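Since the structure comes first, as structure tokens, the remarks are kept for the end.
Each reported figure results from applying straightforward, stated rules to the coordinates on display, with no laboratory input. What you see is a predicted model; the values in this text were computed from it and never measured. Cβ coordinates were reconstructed from backbone atoms using ideal geometry, including for glycine residues, and neighbour counts include every protein chain displayed.
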Amino acid sequence: MAEQLEFFTIPSPCRGICQSDERGFCRGCLRSREERFNWMSMSDAQKRHVLHLCRQRYLRQQRQARKADDPPPEQPSLF
């Protein structure tokens, strides 16, 4: 895939909350250990891919939290 010219650098998504969760992802930015350590040597395309993965991980966390908080639906009365 051809590399697109970028006028601005892609900033690190680090939020300064550097703790790993039970799956090994950072609690602040949701990057894996390898993604965090290799960020400076990645190409812009690789960085965009990592940001996409982080977004997917965030949305998955939100869905799981919503499922845990929602009570099961009640059967409406038919009479």
Which of the numbered conditions does Arg63 fail, given that it passes all the others? Conditions: (1) surrounded by fewer than 13 Cβ atoms within 10 Å (Cβ to Cβ); (2) touching a residue at least 12 places away in the same chain (Cβ under 8 Å).
(2)
How many residues, within region 43-53, are touching an Asp or Glu at 6+ places or on another chain (Cβ under 8 Å) and assigned to a helix (DSSP H, G or I)?
4
